[in-house]
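Have a look at the structure below before the remarks.
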Amino acid sequence: MKSRNLVLPILVVAALCLSVSSNALQISWQQIPGGLKVVSKGSSGVWGVNVHDNIYRLNNDGKSWTQVPGGLRQISSGYEVWGVNSADNIYKYLPSARTWQQLPGALVNVDVSDAGHVWGVNRGGNIYRWLGNTWQQIPGGATQVSVGESGVWVVNSAGNIYYRVGTYGDADTAGSDWVQVAGGLKWCPPEDTSVVGVNSADQIFYRAGVTPSNPTGTNWVRVNGGLSQIDVDNDDSVVGVNSGRAIFRSHLEYTY
């Protein structure tokens, strides 16, 4: 497989000016109107929740939102839309009925891939994988889990990063072991061609050198900007929110 180089996107920036160190990778961020504490992008679209746990879906115009009935603390958009509320209850959105279906279990963080694979973390830091009607506990501990084409990645309360062996390619498997990846992050979603993340200082990074033969990649590359939470889809579209609840998006393009 040929090595990849990141090609910087050309975007019109809407009200985002951020100073960064000279060694940070420069990309353009476009602001989306509104204010959210969590945002997620997947094949079900862009969804988010605000500080009042109100739920919103981004409209096709890319700049306005439709409020969806219900209340969630955290949300994930993939093949389906899943979320958890302040009582740790787990819900899946049913588009045809325009309602939420409660599922068994209790989680504080949940993530669903574009292939429909769902992983979650409960209040005790235990990690779970959805089997269709029940949860399978996976050894280990985490505060946040993400699943996508680059596999299953978690971060724990110390900011340590781990990849689940055997899950690359969004495989329908529990994997075999955790491998620690150098660095420290608080949020670490994988996507089609890489992994992105933010650390406790809200600095943004992407993982270079992620391939099927080397699923943990080679090194973290700093990206300009500052986000408190981030998500990325299989089309390399990145969305995130900053500490002021402002919403931003960008696009990563690669050559091979």
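The values are calculated or read from the model by the stated rules, or taken from the named source; none is laboratory data. Not measured: the values here are computed from a predicted model. Cβ atoms come from the backbone with ideal geometry, glycine included; neighbour counts cover every protein chain shown. Keep in mind that these areas ignore ligands, DNA and RNA; they rest on the heavy atoms of the full protein, side chains included. Shrake-Rupley method; radii C 1.70, N 1.55, O 1.52, S 1.80 Å.
Of all accessible surface on the chain at a 1.4 Å probe, what whole percent is carbon and sulfur? Write down the numbers at each step before the final one.
Working: 5270 of 10940 Å².
Roughly 48 percent of what the probe reaches on the chain is carbon or sulfur.
The Cα atoms of the range 160-256 cover 39, 29, 24 Å along the three principal axes, with the biggest extent listed first.
Look at the dipole of the chain built from charges on Cβ: of ILE204, ILE127, PRO189, the Cα furthest out on the positive end belongs to ILE204.
When you count the other C-beta atoms within 10 angstrom of each residue and take the mean per peptide, 69-75, 111-117 line up highest first as 111-117, 69-75. For the range 107-118, putting each phi into the Karplus relation 6.51 cos²θ - 1.76 cosθ + 1.60 with θ = phi - 60° gives couplings of 9, 10, 8, 9, 9, 10, 8, 5, 8, x, 8, 10 Hz, in residue order, rounded to whole numbers and with x for Gly and Pro. Computed from point charges on the beta carbon alone (+1 for Lys and Arg, -1 for Asp and Glu), the dipole magnitude for the chain about its Cα centre is near 460 Debye.
In the chain, a dipole from Cβ-located charges (positive for Lys and Arg, negative for Asp and Glu) runs towards its positive end, and of VAL38, GLY217, TYR163 it is VAL38 whose Cα lies farthest in that direction.
Spin-label model, ARG123/ARG245: points 7 Å from Cα along the beta carbon direction are separated by 2.4 nm. Each of VAL152, ASN59, PHE248 was placed along the dipole of the chain (beta-carbon charges, centred on the mean Cα), and the one lying farthest toward the positive end is PHE248. Taking the chain as a Gaussian network, where each spring joins two C-alpha atoms under 10 Å apart, which residue of VAL51, VAL155, VAL195 fluctuates the most? Greatest mean-square fluctuation among the candidates belongs to VAL51. Gain on full extension, evaluated as 0.36 nm per residue between THR173 and THR218 minus their Cα-Cα distance, stands at 13.8 nm.
Just checking the listed ones, GLY78, GLY226, GLY132: in the Gaussian network model of the chain with Cα springs under 10 Å, the one fluctuating most is GLY132.
Take the Cα of SER86, step 7 Å toward its Cβ, do the same at ALA115, and the gap between the two points is 3.7 nm.
Tell me, rounded to the nearest percent, the portion of alpha carbon pairs in the range 16-165 spaced more than 20 Å apart. The answer is 52 percent, as a whole percent. Ordered from highest to lowest accessible area with the whole protein assembly present and a 1.4 Å probe, TRP135, TRP29 read as TRP135, TRP29. Go from 0 up to the bin containing the longest alpha carbon distance in the range 92-225, width 5 Å each, and give me the % of pairs per bin. Whole-percent P(r) values from 0 Å outward: 2, 11, 21, 23, 19, 12, 7, 4, 1. Think of a 1.4 Å ball rolled over the protein heavy atoms: the chain then has 43 Å² of accessible area per residue. Over the chain, the pair-distance histogram of Cα-Cα distances with 5 Å bins from zero comes to 1, 6, 14, 19, 21, 18, 12, 7, 2, 0, 0 percent, rounded to whole numbers.
Site pair TYR79 and ASP235 shows an inter-label distance of 2.0 nm when each label is modelled 7 Å from Cα along Cα→Cβ. If you take the Cα centroid of the range 175-241 and the Cα centroid of the range 45-116, the two points sit 22 Å apart.
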